[in-house]
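For reference, the structure discussed in these notes is given below.
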Amino acid sequence: MIALATMVAIAAIAVLFFLGNQTDCLMCGGPVGSQVAVTAVSLRAADFLTTNAGTFFTCGVAVGSFLMLSNTGTAGNFSVTTAKIDWKGQTTSYSLMAGGTCVVGAAGSARETQNLLFAPTTNLLTNATAGGNFTGFVALANGAILIFAGTFQ
């Protein structure tokens, strides 16, 4: 029984390792040649409240609450589809605003960095608290998952 539990634990660690390196392995949904990651996290607690209604993000110049995605690889044109934030044991999902585009290009291109922007009226299932730690991920249309963690400002 202990051997089985150990094997399950090792498998779980392996999954976490691959998720942490998701865009440079074939098993994880990311193509070889891409190195897309969340490279900056700046979320303001005052923007994420239960009374807010927003569940969308846009892409643009980093301002307010945002997640920065960067690609240091040669492959590009990855569409961002969703983002999720885990806070206080609950997960809130966000999607790209209708009609919007958010594409991460190859290194050296004009789109090698993209910022996911969250409005000051973004919903969170439990009010955010400044200094509170959260985790989450951004999903790309090709199936790659970009994990991030941060602290609400």
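Each value in this text was obtained by applying a stated rule to the coordinates, not by laboratory testing. No experiment lies behind these values; they were computed from the predicted model shown. Cβ coordinates were reconstructed from backbone atoms using ideal geometry, including for glycine residues, and neighbour counts include every protein chain displayed.
Numbers at a glance
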quantity	calculated
Tally of residues being among the hydroxyl-bearing types (S, T, Y), closer than 16 Å to V138 by Cβ and either touching a Gly at 6+ places or on another chain (Cβ under 6 Å) or part of a loop (DSSP other than H, G, I, E, B) (or both) across region 51-71	2
Failed item, numbered, when A45 is tested on (1) touching a strand residue (DSSP E or B) at 6+ places or on another chain (Cβ under 7 Å); (2) in contact (Cβ under 8 Å) with a residue 40 or more places away in the chain; (3) among the small types (G, A, S)	(1)
Verdict on A83 being part of a loop (DSSP other than H, G, I, E, B) and among the aliphatic types (A, V, I, L, M)	no
Qualifying residue in region 120-127 (condition: among the β-branched types (V, I, T) and touching a helix residue (DSSP H, G or I) at 6+ places or on another chain (Cβ under 7 Å))	yes
Scan of region 124-143 for residues that are in a loop (DSSP other than H, G, I, E, B) and either among the hydroxyl-bearing types (S, T, Y) or under 23 Å from W87 (Cβ atoms) (or both), ordered by number	L124, L125, T126, N127, A128, T129, A130, G131, G132
Residues within region 49-71 that are exposed (fewer than 15 other Cβ atoms within 10 Å of the Cβ) and either aromatic (F, W, Y) or over 13 Å from F118 (Cα atoms) (or both), tallied	2
Residue selected from region 61-102 under the condition aliphatic (A, V, I, L, M) and touching a residue at least 60 places away in the same chain (Cβ under 8 Å), by the criterion nearest to N133 (Cα to Cα)	L67
Answer residue from region 92-123, given it is among the polar types (S, T, N, Q) and part of a strand (DSSP E or B) and is farthest from G60 (Cα to Cα) among those	T92
Qualifying residue in region 126-136 (condition: farther than 19 Å from G150 by Cβ, in contact (Cβ under 8 Å) with a residue 24 or more places away in the chain and out of contact with any strand residue (DSSP E or B) (no Cβ under 7 Å at 6 or more places or on another chain))	no
